[in-house]
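Since the structure comes first, as structure tokens, the remarks are kept for the end.
The values are calculated or read from the model by the stated rules, or taken from the named source; none is laboratory data. Every value quoted in this text rests on a predicted model; they were computed, and no experiment measured them. Counting neighbours? That spans all protein chains shown, and the Cβs are built from the backbone with ideal geometry, glycine included. Accessible surface is based on the protein model in full, side chains and every heavy atom, while ligands, DNA and RNA are left aside. Shrake-Rupley method; radii C 1.70, N 1.55, O 1.52, S 1.80 Å.
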Amino acid sequence: MNFFFIFSIRGMKCDLSDRRVDGGYGIIIVLSSFCLILITDGIFFSFGNLMVELIEEFNNDRATTALAASILLGISGLIGPFCGGLCDMYGCRVIAVVGSILSCVGILISSFATSIYFLYIFYGCVGGVGLGCIYLTGNIITVQHFSKRRGLACGISLCGSGVGTFAFNQFTRVLIAEYGWRGTILIEAGMCLQCVVFSLFLLPPFQERKCCPNTCFNEETVRTLKLDNFPNTHNCEIISLIPNTGEVKTDKSVNKNNFEMETEPEESAIKRDMGKKEIYKSPDTVLLKQMFQSIFDTSLLTDLRFWIFLLSTVVVHLAFSVVITMTADRAMELGMTKYEASWLASSIGK
């Protein structure tokens, strides 16, 4: 998959270094997101083949065994709001790399499972959190990089879901025949670690900075303004950068007619500095507050359209996930072989 990814990029003739919105780097984003979604959904929707083997291994009923897949899909969906808030704070690339490592560890430990309850914790919970982070970041970063052709870009990246569902059902059946279900889970863990490579390409787009023509910057104090270039009605904001601190000092306005500078009152300046010191003393508190504000923004809950969309999505995924997870076992119950059952699950796709 890495070779396919590299050759696809080398074949592009556009400027791949252009990371602006709708720039050439968007092609790399789409390919990376495609590969990430292919792996995550491939693991999600090929569990039906593993379930047949787990029923025979642990002698549990279908409901008890299928609960591992339910936890995996449920946790990966429920982690969405928290993952979205973390992406706003730390960026999609960091969250995708963390999710790749976390899912690899969880699924890797699952290969040593001695009971189905062991799989609930590591395959379902730990693996679900990691795979949920990967899947969500792949969708978020695609939306960020495209404006004009956003629908086409998202459609191409989400094609990875159908390709992964089709291919992984066949691939999983071959792996089970060769290495058993433990070896198959071990290889799935390696595929999750492979997501680290694709996650490293998830760079955010460059934002074009709009500078006010009436604003001047100086590395030491204040650069002299040529006020003759501005009309009488314009007020110029002077910004000075303090070296080695990164702080910005703003002196309110300088008028062409009277050349008077409005400065901040001494009392309010003292309060401002005290407030800065309080922030600097507790950066963790400020970051935590920002994270919760971005995660628990309830303004969307007042929109009726959001509730209609949410309800329809829940119904669709409830029906689809049950069908694709139980198809292989039901097909074998009706007399199909394991390979025929895997083809039937692949044909559903997504």
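At-a-glance table
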{"item": "Subset of segment 94-104 (residues that are out of contact with any helix residue (DSSP H, G or I) (no Cβ under 6 Å at 6 or more places or on another chain) and touching a residue at least 24 places away in the same chain (Cβ under 8 Å))", "result": "V98, I101"}
{"item": "Positions within segment 106-150 being free of Cβ contacts under 8 Å to residues at least 24 places away in the same chain and either within 24 Å of the chain's Cα centre (by Cα) or in a helix (DSSP H, G or I) (or both), in sequence order", "result": "I109, Y117, F118, I121, F122, V143, R150"}
{"item": "Filter pass, I156 being open to solvent by 60 Å² or more (accessible area, probe 1.4 Å), of a type in the set (A, V, I, L, M, F, W, C) and in contact (Cβ under 8 Å) with a residue 12 or more places away in the chain", "result": "yes"}
{"item": "Any hit, segment 186-200, residues being in contact with a helix residue (DSSP H, G or I) (Cβ under 7 Å, 6 or more places away or on another chain) and either modelled with pLDDT under 90 or of a type in the set (K, R) (or both)", "result": "no"}
{"item": "Pairs where the first residue, in segment 189-207, is in a loop (DSSP other than H, G, I, E, B) and the second is open to solvent by less than 20 Å² (accessible area, probe 1.4 Å) and of a type outside the set (S, T, N, Q), C-beta under 6 Å, 6+ apart", "result": "F201/I28; L202/C92; L202/A96; L202/I141; P205/H145"}
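Condition check ((1) in contact with a Leu (Cβ under 6 Å, 6 or more places away or on another chain); (2) surrounded by fewer than 17 Cβ atoms within 10 Å (Cβ to Cβ)) across all residues:
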residue: A63; (1), (2): no, yes
residue: A68; (1), (2): yes, no
residue: G80; (1), (2): yes, yes
residue: G85; (1), (2): no, no
residue: S111; (1), (2): yes, no
residue: Y117; (1), (2): no, yes
